[in-house]
Each structure stands twice: as C-alpha cells, then as structure tokens.
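Novice: Dropping the structure in here first, questions after.
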Amino acid sequence: MDFKQKVVQLVATQVDLPTEKIEQLIERPKNAKLGDYAFPAFSLAKIQHQNPAIIAKNIADNLESPEFENIQAVGPYVNFAIKHDQLVTATLQEVLQKQAHYGDQELGKGNVPIDMSSPNIAKPMSMGHLRSTVIGNSIAQTLEKVGYTPIKINYLGDYGTQFGKLIAAYKHWGDEEAVKQDPITNLFHYYVRFHQEAETNPELDAEGRDWFKKLENGDPEAIKLWKWFREVSLEDFKRIYKELGVSFDSYNGEAFFNDKMQPVIDELKQKNLLHESRGAQVVDMGPDQNPAIIVKSDGTSIYLTRDLAAAMWRMEHYHFVKMLYVVGAEQAQHFVELKAVLKKMGYDWSDEIHYVPFGLITQNGKKLSTRKGNVVFLDKVLKDAVALAHEQIQAKNPDLKNQAEVAHDVGVGAVVFHDLKNDRMDNFDFDLEEVVRFEGDTGPYVQYTNARAQSILRKADQQVDLNASLALNDDAAFAVAKDLADFPAIIARSAEQFEPSIIAKYALSLAKKFNKYYAKVKILTADEQLNARLGLVTATSVVLTESLRLLGVNAPKEM
Ligand code: ARG
C-alpha cells in the first residue's frame, strides 16, 4: 500500500489545494518519533491569513484513519504515524507476491534510444566511457522497469582524420601479428608514436592527410585497414562489455552516417539556416553565442553535422518518445547546439532529447587524459578488482564453491556500484582498495548483506506463508519495511531524473537498516512471528537483488 498517497488523500479532504501540490508539500519528519509523514501548514497560512499551528490543529482534529496510529498537530505540522504492523504487513504482502516485479510501473511507453559508451576505435576505452556505459545501462534497465523500451546505441568513434594518421603510422611501424595479439594497445602505441615523431617530422602529417583522403575516396587498401582496425578494436571493447554484462542494440557509429550528412546540409541550406563565416558554413546561435559550425573551411564536415544526421536517422527509424545522450559534462556545448539546430530546422521532437552529463573520474586527484598517455586500461582495473575481491572471499569464506564466479560478480560489481553511487555530476577519485571494501558504502557491502539474507533463508529452510500473519511491531523491522515500501517511488524518481545514484543510495540505506535488524533481533527463533520475520528477510533480499539488477550488478546468493 502507498501510505504517502493515503496521507495525500486524507489531507485533500481538509484543505483546498490540488493533490499534486499536497504531494509536493508532504515531508518526512526529521525525528521519526513524531511520525512517518508530515504536512506543513505554512502555505495555507499565507492563503487563509491564519496561524499555521491553528490550521494544523484543525486538520488533525478532523482526521482519523485505520492505517494510522495517530494523526496529530505538532506546531505548524500535521504528523501522521502509520501503524507499524499495518505497514509491515501490507508491504511484505506486496513484495512477496510481486517478487522481482515489485516496483514495476508505467510512467510512459515507447522507444528511448540511449546514446552511450561510444568509445573511439584504436584507442583505449577511458574511465569516461566506462561511466557512460554503466550509467547508460542502469538508466536503460530502470526505464524498462517503468514501461519504456530502451534502445542501447554504441555510437562508436570510428571515423575522422585521425584514421589517416593511424594508417600512416601502421604503414611505418605496424606489425600485423602484434595487432592481432593485442589490438588496442598496439594501435594506440602507433598513434602516440605518430604524434611524437610528427613534431620533428612534418612529412608525417602530410602522409596522414593523404591517407585520410584515400579513405574518403574509397581506396581499397585504406578501407581494408580501417575496417580491420575497427573490427579488432570492437572485439577488444566487447570483452570489456562482456565483463560488465552490458550489451548493445546498435553499433551504428560515426562512419555509418558518412553518407547521411549531405542531405542534412542541403536541408539546412534550403531552410535558409546556413551562412558563411570565415570560410565555414555555420548556423547562427543568437547574440553573444558562437555560431554552430556545420562545414569547416576546408570543406570537411564535423562532429555536430554527424550527430544531426544521426538524430534524424534515429527519429525516422525508432520514432522515439525520448532520446538520451549519456556523455561527459565537457561536451555540454555540443549538445546545446545539437538541440538548438534541430529546433531551428523545425523539429519539435528536439525537446524530447535529453543530454545526460556526468562528472570526471580522477586518480590521486589528477585528471586522466588519453592524449598525454595518462590512461587507465579498463580491463586491468576490472581484473585487479576481481583479484582483490577473490582475496577477501578466500579470507572470509574459504569453503565457498564457485569462488571465481562470485569474485567476478563482486569485483566487477564493486567498480560499477562505485561509479553509480555518486550523483552523476559529481567528480570523484578512483581508489581500487576503497571500491572493493566489504564494509562501508560499497557494492560488496550490499551484495554481502543480500548473501547474509539468503544464508538465513537457507538455514530456516521453510517457505514464507503469505496467508499467515506477516505483522511485526518492533522499530528495527518497521525501519526496514518503510524502506521497502519506498522502492517504487525511488525507481520513479531515478527514472525521471536519469539518476542511478538514487537507487544505489537507496540500496545502501536498506542494507544498513537490514543489518541493524539482524544485529538486534534473533530471526530464527521458533515463535509465532518466525513467519513474518522470514517474510521480512525474503522481501529485503528481493528488493536488494532487484536494486542491484537495475544498477547492472549481480547479486550472488553466497559470498
Ligand atoms: N566518441 C565520443 C568521445 O569519445 C563520444 C560520442 C558521444 N555521442 C555522441 N552522439 N556524440 O568523446
């Protein structure tokens, strides 16, 4: 049962405010002893020119409802205290009936392409791409839970002048066997060397330009090498995606839109939006704004033009109701331009485009940069995390079967969870030891709590009877049940704000409350409340597991 809605309904019988307004005003009292929900009378005081405490008292005096222990005015607030056993019973009933479907809802429907991950071929995938991958994946899972059909698109950076340079570099120093063995490391190495040597040897840049021209003109050798670089790089990326358990519905990258840009340029011309500025073709962005460049002075098109073509193609193919771009905050201006140009072209669906930015990951306080060679190799990060998890599992639970599998779930899960628990716009530092700890605000802590719940259930070896009493009265159980009751609203909020951290923080809170309960109460004592306690343990495990799933993290039953 949704007790907050019940409170809204009750208040609505007494005050002359729209229900949405009432819902916005409802708070959680800071002191839980005062009750579970509070309605503040301040805004009414302004309208009715009356002391808010008197208004609160009048409202409270008129209200009564079987779900509530008491409804009382305290100063300017009307406080609602839910009957503990009512909330526990209603919540456990619902979770245990719906299981993993608990929290499913229909906030909307239709296709939602999510432009995510999108690393660049022949370069190591960065921490930024990792963030985009895991944030995008979690948003996809969450949108699916609230009714939408997410379409995960990997808009690979697989085209551009840098491929001319890479081909030139490969022609000089390339070793086919080495590339086959370890594609990205070697291709990236050629690329870095190219830049170093080009500083003293300008010939190289000219060669790079030549190869790019050949590539554009369909020269078979250039095409063959480019295709090969793309293919082997993608294989490398897919290894990381497999580790993370993330899949994509489309790998249509930048190159896919090569032949789809001219029509966009023509359309811009025909709609009188293009004009010349210092040799380039641009769209005006209004006073005090730099114009958006569509065709550069050397005649080549750019990032923006390609994204325009991609957005229009996706509209045509997916008829999306929303489209998301999960891309680092440093590209904000690009997405402002993308939306603005589409709007000027008359496409009102540009309003449904949401740029979902995120902050930087630093290491020891320093920014990571591919260009300076200051890169983190993600597969190494994941491997190290798994090894660290394995060590801890061996220390804690040496007899555990399928240790390798569990270590994988815990190590990779730790990295993913760490990435998602911060508000996505926050910058944060990456310290592996910290990330994989079993205590504190970590993924392993949530997984461990769930495994603990599962272990209790294994020991109990008894089915929860939904027809027997599920009522519990103690504060510790009530605190857990209240969190469980919040889950659907948490999912809705996370889906609306494209903010996985809301779910991650929620999972931490639930895990903490459950551990408090575990410390306080003897769960397996054979008395008349055993069934209800096992119901609480089961429901907690259901919701922790589902929370982790929405974040893209596995929940081992034993660890
Ligand atoms: N490949 C780009 C990069 O690594 C990210 C692409 C983001 N998506 C987009 N539609 N522009 O910076």
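The values are calculated or read from the model by the stated rules, or taken from the named source; none is laboratory data. Keep in mind that what you see is a predicted model, and the values were worked out from it rather than measured. Cβ: placed from backbone, ideal geometry, glycine included. Neighbour counts: every protein chain shown.
Novice: Which residue pairs have Cβ atoms closer than 6 Å, lie 6 or more positions apart in sequence or on different chains, and pair a first residue in segment 334-345 that is within 11 Å of ILE294 (Cβ to Cβ) and of a type in the set (Asp, Glu) with a second residue that is outside any helix (DSSP H, G or I) and within 15 Å of the ligand (Cβ to nearest atom)?
Specialist: GLU337/ALA292
Novice: So, in segment 242-287, exactly how many residues are within 22 Å of ASN137 (Cβ to Cβ) and of a type in the set (S, T, N, Q)?
Specialist: The qualifying residues number 3.
Novice: Okay, moving on. Which of the residues that make up segment 120-139 are within 16 Å of the ligand (Cβ to nearest atom), within 19 Å of the chain's Cα centre (by Cα) and small (Gly, Ala, Ser)?
Specialist: SER126, GLY128, SER132, GLY136, listed by residue number.
Novice: State which residue is surrounded by the fewest Cβ atoms within 10 Å (Cβ to Cβ) when the search covers only segment 443-464 and only residues that are in contact with an Asp or Glu (Cβ under 8 Å, 6 or more places away or on another chain) and within 13 Å of GLY413 (Cα to Cα).
Specialist: TYR445
Novice: Just name the residue that is nearest to ASP351 (Cα to Cα) out of those in segment 271-312 that are part of a loop (DSSP other than H, G, I, E, B) and of a type in the set (Ser, Thr, Tyr).
Specialist: THR300
So that you can scan it fast, the table gives a plain yes or no per residue for (1) within 16 Å of the ligand (Cβ to nearest atom); (2) assigned to a helix (DSSP H, G or I); (3) within 30 Å of the chain's Cα centre (by Cα):
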residue	(1), (2), (3)
THR89	no, yes, no
LEU92	no, yes, yes
LYS98	no, yes, yes
ASP104	no, no, yes
SER118	yes, no, yes
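Novice: Something else: Among the residues of segment 417-436, how many are buried (at least 18 other Cβ atoms within 10 Å of the Cβ) and either over 16 Å from the mean Cα position of the chain (by Cα) or on the phi > 0 side of the Ramachandran plot (or both)?
Specialist: Count: 3.
Novice: Restricted to segment 236-272, and to residues that are over 15 Å from VAL295 (Cα atoms) and aliphatic (A, V, I, L, M), which residue is surrounded by the fewest Cβ atoms within 10 Å (Cβ to Cβ)?
Specialist: It comes out as ALA255.
Novice: Still on this structure, I have one more. Of the conditions (1) within 16 Å of the ligand (Cβ to nearest atom); (2) modelled with pLDDT of 95 or more; (3) under 30 Å from GLN181 (Cβ atoms), LYS242 clears all except one; give me its number.
Specialist: If we test LYS242 against (1) within 16 Å of the ligand (Cβ to nearest atom); (2) modelled with pLDDT of 95 or more; (3) under 30 Å from GLN181 (Cβ atoms), just (1) comes out false.
Novice: If you check every pair at least six apart or on different chains, which have Cβ atoms under 7 Å apart with a residue in segment 110-133 that is over 22 Å from MET323 (Cβ atoms) first and a residue that is near the ligand (Cβ under 8 Å from one of its atoms) and of a type in the set (A, V, I, L, M) second?
Specialist: Pairs found: ILE121/LEU156.
Novice: Report yes if LEU324 is within 25 Å of ARG278 (Cβ to Cβ) and either within 14 Å of the ligand (Cβ to nearest atom) or in a loop (DSSP other than H, G, I, E, B) (or both), otherwise no.
Specialist: No; evaluated as a whole, the condition is false for this residue.
Novice: Please report, ordered by residue number, the helices (runs of 4 or more DSSP H) entirely within segment 144-235 with at least 1 residues that are modelled with pLDDT under 95, under 30 Å from LEU324 (Cβ atoms) and more than 16 Å from the ligand (Cβ to nearest atom).
Specialist: Filter on segment 144-235 gives 183-198.
Novice: Got a sec? Which of ASP298, ASP266 is more than 23 Å from the chain's Cα centre (by Cα), farther than 30 Å from VAL416 by Cα and modelled with pLDDT of 95 or more?
Specialist: Answer to the selection: ASP266.
Novice: Of all residues in segment 313-331 being over 18 Å from MET345 (Cβ atoms) and of a type in the set (A, V, I, L, M, F, W, C), which is surrounded by the most Cβ atoms within 10 Å (Cβ to Cβ)?
Specialist: Top of the filtered list is VAL326.
Matching residues to (1) under 24 Å from GLY245 (Cβ atoms); (2) touching a helix residue (DSSP H, G or I) at 6+ places or on another chain (Cβ under 8 Å); (3) part of a loop (DSSP other than H, G, I, E, B):
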| site | (1), (2), (3) |
| --- | --- |
| PHE438 | yes, yes, yes |
| PRO444 | yes, yes, no |
| ALA453 | yes, yes, no |
| ARG458 | no, no, no |
| GLN463 | no, no, yes |
| ALA479 | no, yes, no |
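Novice: Then there is this: State whether the residues of segment 509-522 include one that is free of Cβ contacts under 8 Å to residues at least 40 places away in the same chain, in contact with a Lys or Arg (Cβ under 9 Å, 6 or more places away or on another chain), buried (at least 19 other Cβ atoms within 10 Å of the Cβ) and part of a helix (DSSP H, G or I).
Specialist: yes
Yes or no, residue by residue, for (1) at pLDDT 95 or above; (2) assigned to a loop (DSSP other than H, G, I, E, B); (3) touching a strand residue (DSSP E or B) at 6+ places or on another chain (Cβ under 7 Å); (4) not charged (D, E, K, R):
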| site | (1), (2), (3), (4) |
| --- | --- |
| LYS343 | yes, no, no, no |
| GLY346 | yes, yes, no, yes |
| SER350 | yes, no, no, yes |
| HIS354 | yes, no, yes, yes |
| THR362 | no, no, yes, yes |
| ARG371 | no, yes, no, no |
| ASP379 | no, no, no, no |
| ALA387 | yes, no, no, yes |
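Novice: In the list VAL553, VAL543, which residue meets the criterion of being crowded, with 24+ Cβ neighbours inside 10 Å and under 24 Å from ASP465 (Cβ atoms)?
Specialist: Going through VAL553, VAL543 in turn, the sole match is VAL543.
Novice: Could you run through segment 465-477 and say how many residues are touching a Leu at 6+ places or on another chain (Cβ under 8 Å) and either surrounded by fewer than 18 Cβ atoms within 10 Å (Cβ to Cβ) or assigned to a helix (DSSP H, G or I) (or both)?
Specialist: 2
Novice: Restricting attention to segment 215-225, and to residues there that are over 12 Å from GLN162 (Cα atoms) and crowded, with 18+ Cβ neighbours inside 10 Å, which single residue is nearest to the chain's Cα centre (by Cα)?
Specialist: LEU225
Novice: In segment 72-85, what residues are of a type outside the set (Phe, Trp, Tyr) and in contact (Cβ under 8 Å) with a residue 60 or more places away in the chain?
Specialist: VAL78, ILE82, HIS84, ASP85
Novice: Those residues that are touching a strand residue (DSSP E or B) at 6+ places or on another chain (Cβ under 6 Å) and more than 24 Å from ASP104 (Cβ to Cβ), I need them from segment 2-24; list them, please.
Specialist: Correct list: VAL11 only.
Novice: Just checking, how many residues over segment 292-312 are within 28 Å of SER138 (Cβ to Cβ), surrounded by fewer than 18 Cβ atoms within 10 Å (Cβ to Cβ) and away from the ligand (no atom under 12 Å from the Cβ)?
Specialist: 0
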